[in-house]
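The values are calculated or read from the model by the stated rules, or taken from the named source; none is laboratory data. Here the structure is a predicted model, which means the values were calculated and not measured. A quick note on method: Cβ atoms are made from the backbone with ideal geometry, for glycine too, and the neighbour counts reach across all protein chains shown. Note: accessible area is taken over every heavy atom of the protein model, side chains too, but ligands, DNA and RNA are not part of it. Shrake-Rupley method; radii C 1.70, N 1.55, O 1.52, S 1.80 Å.
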Amino acid sequence: MKPEMKKDKMKKSEDNSLPKSTPYFRFGLTLMSVAIITALVLSSVTSNKFVWDDAEYIVRNESLKKPFSEAIYYYFDQNFFVGNYHPLTMLGFSLQYKITELNPALYHKINLFIHLLNVTLAFFFTFLLSRRKIWIAASVALLFGIHPMHVESVAWISQFKDVLFGFFYLLGLIIYLIYLDKQNWVKWTFYLLCLIFFVLSLFSKPAAVSFPLSLLAIDFYRERRFTLYSLLEKIPFFIGSVVIGLITIKAQGSAVGAFEDYNLIERIMLSSYALFSYLFNLFFPTHLSALHPFPFRTNGNFPWYYMISPFGLVPLIYLLIKSLRLGRITLFGFLFFFFNTVLVLQFVTVGNALFSERYTYIPYLGLFFTIAMILDQLIQKYFGSFWLKPAVTVSAVIFFIAFAGISYSRTKVWKTDKSLWTDVSKKYPLCAIAHYNLGTYYFKEEKNDAQALISYNKTLSIDTTQIKAFVNRGIIFTRMREMEKAESDFMHAIKLDSNFAETYKNFGILHATVGNYEKSIADYTNYLRILPASPDIYYGRGMTYYQLKRFGEATDDFSKAISYDSLNANYWVLKAMSLQADGKKEEAIPIALKAQDLGETLDPAFKQNLGIK
């Protein structure tokens, strides 16, 4: 090896160390300041409640009660949650649940804490990538920390998966940069570490499948030669991405839209609009919402601004190609952004959102870095211009203050389901899901049937396929004793989906309320056809049989209810009552005693009839 080549390699291996000219105090103080500002802007999230999917992940998730050793196998064994395979995230929820159960404060504090760690990692990643430019690292880390598009990832407990995957993803990128600048056997230690962090990121959220593409973007920016070796080293990463990608397709199942829902041209329109929405919101995050629904067609067509979106791709590509004359920074930033968003640009429709703010959590880093580096280059080039640096500084401060204010405001929006869906319904008045979720908040949380009815009426005026809105409105009409309207809603729900069990349960309650017990029995039987392991439905049907004095069938149903929930004392009492009414006093006595052992206070007259003291 030539001496100059050896010196060059030695110099390269030292590039990522903190230079002697960089005061450690200033480095630490800058990083600490960025973290403190981020914490102050987002601190109010710790007082927020459970919202939206948090019910599925936490509140109603019985698997969180499993012993941790059992949970490890359970979550890694392809048990999907809300259409995702993310076992490490679920294990994290399991640990949090064991500490605090259903107190949302701890979940929010952990989300915020990991986000602050990610701000620190974003600082180090940018510091290494920019070749030790502290102000670049500080600017990018602060943008990452307080950008309004990132609030969703921090303020929503369900997005624990976002901050967790981001933590391992950023660690992996940092280790990769160090790996590129190391020599001999030590190099492979960092390669292995990078691979480990990548796998941990994959197990936190499937979005990490983009990681090998990010590595290729870094290679491009660092002007690393694309050789067979540089491609072979990425193979384990691509294999991991493909495996998790296939599992995710299986997990999402029906969440993936049918191809025939939109034709090819419409898909290009939607994808282009989503792409430009992300780019626009980078600078002007003005129409933020927890849900950005797909557009409505008018006379079979999308609004004009969707239709012209694909035409913006041509000048965008042209500008990116032209930017190569000035260096690789612009194209790198866009490639890093694009590689990390391409799978969520809705070319294949997933879910009911055209684009989501949380999807920018990692992708925006590339664009933040590009903006900061271009500004730095301008300042360096026109260093003699007395106005440029103050102008850039003032503009940056204005942007940071504006972003901080918007982000602080957005943390309040995520406080409860009521505040969240009120905000979405204002931003998108024709979003049926927003009105339905707001109605469900009034229906379940506030027990405010009048307000819930208003929201459900709006829901169904927009979308007559919202089966749950029909069912819940039917329940409200039943409580209001408007039985004909309730029956009409339940019938509509059955026409929409004859296998939606909740309809039959509530139809059965309606029929029992008006004394039509035979129809009530038929409704409960239909429910059990769909969901046979339902003790409360056996209880309901048993009560109906009891009203009809069909005590033998009532006893059988109460027995089945007990078989699914043997600790419910009420089931034991009712079984004893059915046996006693059926003339089987001797059989009823031990059943009644069992109910008493479970804490049920038996009626004195009933005890006397059975001869129980």
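Odds and ends about this structure:
- Some residue of the range 197-204 being crowded, with 17+ Cβ neighbours inside 10 Å, free of Cβ contacts under 8 Å to residues at least 40 places away in the same chain and not small (Gly, Ala, Ser): yes
- If you check Ile235, Ile239, Ile218 for being open to solvent by less than 50 Å² (accessible area, probe 1.4 Å) and of a type in the set (Val, Ile, Thr), only one passes: Ile218.
- Of the residues making up the range 28-68, just one is open to solvent by 80 Å² or more (accessible area, probe 1.4 Å) and touching a helix residue (DSSP H, G or I) at 6+ places or on another chain (Cβ under 7 Å), namely Lys49.
- Tally of residues being more than 19 Å from Ala35 (Cα to Cα), open to solvent by 10 Å² or more (accessible area, probe 1.4 Å) and not charged (D, E, K, R) across the range 166-187: 7
- Residue within the range 101-113 that is touching a residue at least 12 places away in the same chain (Cβ under 8 Å), at positive phi and not small (Gly, Ala, Ser) present: no
- Taking the range 393-411 as the range and being surrounded by fewer than 21 Cβ atoms within 10 Å (Cβ to Cβ) and either over 21 Å from Ala155 (Cα atoms) or within 18 Å of the chain's Cα centre (by Cα) (or both) as the test, the residues that pass are Thr393, Val394, Ser395, Ala396, Val397, Ile398, Phe399.
- Residue check for Met491: farther than 21 Å from His292 by Cβ, modelled with pLDDT of 95 or more and open to solvent by 40 Å² or more (accessible area, probe 1.4 Å): yes
- All conditions but one from (1) modelled with pLDDT under 90; (2) under 26 Å from Thr89 (Cβ atoms) apply to Ala208; the one that does not is (1).
- Cβ pairs under 9 Å, 6+ apart, first in the range 480-495 and free of Cβ contacts under 8 Å to residues at least 40 places away in the same chain and more than 17 Å from Ala450 (Cα to Cα), second of a type in the set (Lys, Arg) and part of a helix (DSSP H, G or I): Ala493/Lys468
- Within the range 357-392, being surrounded by fewer than 16 Cβ atoms within 10 Å (Cβ to Cβ) and outside any helix (DSSP H, G or I) holds for Tyr382, Phe383, Gly384, Ser385, Phe386, Trp387.
Quick grid of which residues meet (1) hydroxyl-bearing (Ser, Thr, Tyr); (2) closer than 27 Å to Gly552 by Cα; (3) open to solvent by 60 Å² or more (accessible area, probe 1.4 Å):
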residue: Arg481; (1), (2), (3): no, no, yes
residue: Lys485; (1), (2), (3): no, no, yes
residue: Lys495; (1), (2), (3): no, no, yes
residue: Tyr504; (1), (2), (3): yes, yes, no
residue: Leu528; (1), (2), (3): no, yes, no
residue: Tyr538; (1), (2), (3): yes, yes, no
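- Of everything listed in (1) part of a helix (DSSP H, G or I); (2) hydrophobic (A, V, I, L, M, F, W, C); (3) surrounded by fewer than 21 Cβ atoms within 10 Å (Cβ to Cβ), the single unmet condition for Ala533 is (1).
- Helices (runs of 4 or more DSSP H) contained in the range 407-526 and holding at least 3 residues in contact with a helix residue (DSSP H, G or I) (Cβ under 9 Å, 6 or more places away or on another chain) and of a type in the set (Val, Ile, Thr): 449-462, 467-479, 501-513
- Residue among Ala122, Ala71 that alone is modelled with pLDDT under 90 and either buried (at least 19 other Cβ atoms within 10 Å of the Cβ) or touching a Leu at 6+ places or on another chain (Cβ under 7 Å) (or both): Ala71
- Put simply, of Ser214, Ser204, Ser210 the only residue that is touching a helix residue (DSSP H, G or I) at 6+ places or on another chain (Cβ under 8 Å) and outside any helix (DSSP H, G or I) is Ser204.
- Test: residue in the range 285-304 that is open to solvent by less than 10 Å² (accessible area, probe 1.4 Å), within 27 Å of Phe369 (Cα to Cα) and assigned to a helix (DSSP H, G or I): no
- For the range 601-610, taking the residues that are open to solvent by 60 Å² or more (accessible area, probe 1.4 Å) and assigned to a loop (DSSP other than H, G, I, E, B), the one that is nearest to Gln580 (Cα to Cα) is identified as Asp603.
- Qualifying residue in the range 273-281 (condition: surrounded by fewer than 19 Cβ atoms within 10 Å (Cβ to Cβ), among the aromatic types (Phe, Trp, Tyr) and either within 20 Å of Phe144 (Cα to Cα) or at pLDDT below 95 (or both)): yes
- Going through (1) part of a loop (DSSP other than H, G, I, E, B); (2) open to solvent by 50 Å² or more (accessible area, probe 1.4 Å); (3) modelled with pLDDT under 90 one by one, Arg325 falls short only on (1).
- The residue of the range 130-148 that is nearest to the chain's Cα centre (by Cα), among those that are buried (at least 24 other Cβ atoms within 10 Å of the Cβ) and aliphatic (A, V, I, L, M), is Ile146.
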